[in-house]
1. Please go through the stretch 20-65 and pick out each residue that is modelled with pLDDT of 95 or more, surrounded by fewer than 20 Cβ atoms within 10 Å (Cβ to Cβ) and assigned to a helix (DSSP H, G or I).
2. Here are 128, 121, 95, 67: which of them is under 17 Å from residue 12 (Cβ atoms) and more than 15 Å from the chain's Cα centre (by Cα)?
3. Consider residue 17 carefully, then state whether it is at pLDDT 95 or above, in a helix (DSSP H, G or I) and under 26 Å from residue 153 (Cα atoms).
4. For residue 6, which of the numbered conditions (1) surrounded by fewer than 17 Cβ atoms within 10 Å (Cβ to Cβ); (2) in contact with a helix residue (DSSP H, G or I) (Cβ under 6 Å, 6 or more places away or on another chain); (3) part of a helix (DSSP H, G or I) fails to hold?
5. Tell me yes or no: at least one residue of the stretch 144-154 is under 12 Å from the mean Cα position of the chain (by Cα), surrounded by 14 or more Cβ atoms within 10 Å (Cβ to Cβ), assigned to a helix (DSSP H, G or I) and on the phi < 0 side of the Ramachandran plot.
6. So residue 134 passes all but one of these: (1) in a helix (DSSP H, G or I); (2) touching a residue at least 60 places away in the same chain (Cβ under 8 Å); (3) more than 21 Å from residue 65 (Cα to Cα). Which condition number does it fail?
7. Is there a residue in the stretch 74-92 that is on the phi > 0 side of the Ramachandran plot and not in a helix (DSSP H, G or I)?
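The values are calculated or read from the model by the stated rules, or taken from the named source; none is laboratory data. Values in this document were obtained by computation on a predicted structure and should not be read as measured data. FYI the Cβ positions are ideal-geometry reconstructions off the backbone, even for glycines, and counts take in every protein chain you see.
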């Protein structure tokens, strides 16, 4: 029972952090549009430390998209991209430089489709793929790997349950 409660608490904490960081990015005008730098995306590295990050990131993305007024396509497919990225990161957790690739790839493919066909933004799909890719590299690789380095120094901070 204790393990399940701890798992749920970790997932909920990660979801809350994701929402809060997305809100900060939104307030700065960075979390939506063609060029997106969501500070919350750095949390996509957390499945390296705990599997509780998979439901936490997914729920956090869902709530963040609901709270920031995203269209239904963004709510559904953006959340799916986060889920796929989190599962991929968890599966590559032993490989420091490869682990961030799944969220970058999932978002770079799925989010541009939402921008082009859901939001109907001006511009071509390759342009959207490039801009989302750049935002994900900054958020997941740069900020995420900095977070991973900081958390790696805290032994047992996220001991797997």
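1. Listed by number, the residues that qualify are 20, 55, 63.
2. 67
3. In short, yes.
4. Going through (1) surrounded by fewer than 17 Cβ atoms within 10 Å (Cβ to Cβ); (2) in contact with a helix residue (DSSP H, G or I) (Cβ under 6 Å, 6 or more places away or on another chain); (3) part of a helix (DSSP H, G or I) one by one, residue 6 breaks only (2).
5. So far as the stretch 144-154 goes, yes, one or more of its residues are under 12 Å from the mean Cα position of the chain (by Cα), surrounded by 14 or more Cβ atoms within 10 Å (Cβ to Cβ), assigned to a helix (DSSP H, G or I) and on the phi < 0 side of the Ramachandran plot.
6. (3)
7. no
Residue-by-condition table, conditions (1) modelled with pLDDT under 95; (2) in contact with a helix residue (DSSP H, G or I) (Cβ under 6 Å, 6 or more places away or on another chain):
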position: 96; (1), (2): yes, no
position: 99; (1), (2): no, yes
position: 108; (1), (2): no, yes
position: 113; (1), (2): no, no
position: 120; (1), (2): yes, no
position: 150; (1), (2): yes, no
